[in-house]
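Enquirer: First the structure, then my questions, so here it is.
Values quoted throughout were computed directly from the atomic coordinates according to the rules given, and no laboratory measurement underlies them. Please read these numbers as outputs of a predicted model, since none were measured by experiment. Quick reminder, even Gly has a Cβ in these numbers, built from the backbone with ideal geometry, and neighbours come from all protein chains shown.
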């Protein structure tokens, strides 16, 4: 039984390596996004405070894209849709930081990294170790 499991996840085959890398990236990315979105999802339409320049509905969409998108990354489910929302949220975050004159380092660098990761996963897909892959194989 153990040999069967090990043979299924043999990293010597070139086809398996990218999927393992994508799994690690999705897990770290997903946990980070869920943690960033946790406080926001508690009060999704007002997490920016009463003087927020962003309407409540857009705050709710951002909270959903961070928390829900993070969960989607961990599961590898609806990755194209989740990464679209995450990329848009991070593009807005970068614009806000740049508009305030924040520097790249300790300013908008994290939003830029998350934006880049979202675009990469949107284009490449979640890999073999995902629910999206399992669902597509059943069709």
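Enquirer: Once you put a point 7 Å from the Cα of residue 84 and another 7 Å from the Cα of residue 15, both along the Cβ direction, what distance in nm separates them?
Expert: Result for the modelled spin labels: 2.9 nm.
Enquirer: Right, another one. Using 1/(1 + (r/R0)^6) with R0 = 30 angstrom and r between the beta carbons of residue 31 and residue 105, what's the FRET efficiency to the nearest 0.05?
Expert: For residue 31 and residue 105, the calculated efficiency is 0.80.
Enquirer: Translational diffusion coefficient, Stokes-Einstein: compute it for the chain using the Kirkwood radius over C-alpha pairs as Rh, at 20 °C and 1.002 mPa s, and state it as an integer in µm² s⁻¹.
Expert: This corresponds to a translational diffusion coefficient of 132 µm²/s.
Enquirer: By average Cβ neighbour count within 10 Å, what is the ranking of 79-85, 65-71, 123-129, 97-103 from highest down?
Expert: Ranking, from highest mean packing down: 65-71, 79-85, 123-129, 97-103.
Enquirer: Per the Kirkwood treatment, what hydrodynamic radius in Å, one decimal, follows for region 66-139 from the mean inverse distance over all distinct Cα pairs?
Expert: 13.0 Å
Enquirer: Mean separation of Cα pairs under 8 Å and 6+ residues apart, divided by the residue count of the chain: what relative contact order is that in percent?
Expert: Rounded, it is 25 percent for the chain.
Enquirer: Angle between the Cα long axis of helix 56-75 and the longest principal axis of the chain, 0 to 90 degrees, nearest 10?
Expert: Helix 56-75 sits roughly 20 degrees off the main axis of the chain.
Enquirer: If I fit a long axis through the Cα atoms of helix 79-99 and take the longest principal axis of the Cα atoms of the chain, what angle between them do I get, 0 to 90°, rounded to 10?
Expert: Taking Cα atoms only, the helix is inclined about 30 degrees.
Enquirer: Further, regarding this structure: Sort out for me the Cα centre separation of region 22-92 from region 111-135, rounded to whole Å.
Expert: 14 Å
Enquirer: In addition: So how tilted is helix 109-124 from the main axis of the chain? Cα-based, degrees 0 to 90, rounded to 10.
Expert: Once rounded, one gets 40 degrees.
Enquirer: Could you work out how much longer the chain between residue 134 and residue 98 gets when fully extended? Use 0.36 nm per residue separation minus the Cα distance between them, nm to one decimal.
Expert: Full extension from residue 134 to residue 98 adds 9.0 nm.
Enquirer: Same structure again: With the crude spin-label approximation of a point 7 Å out along Cα→Cβ, what separation in nm comes out for residue 58 versus residue 45?
Expert: 1.7 nm
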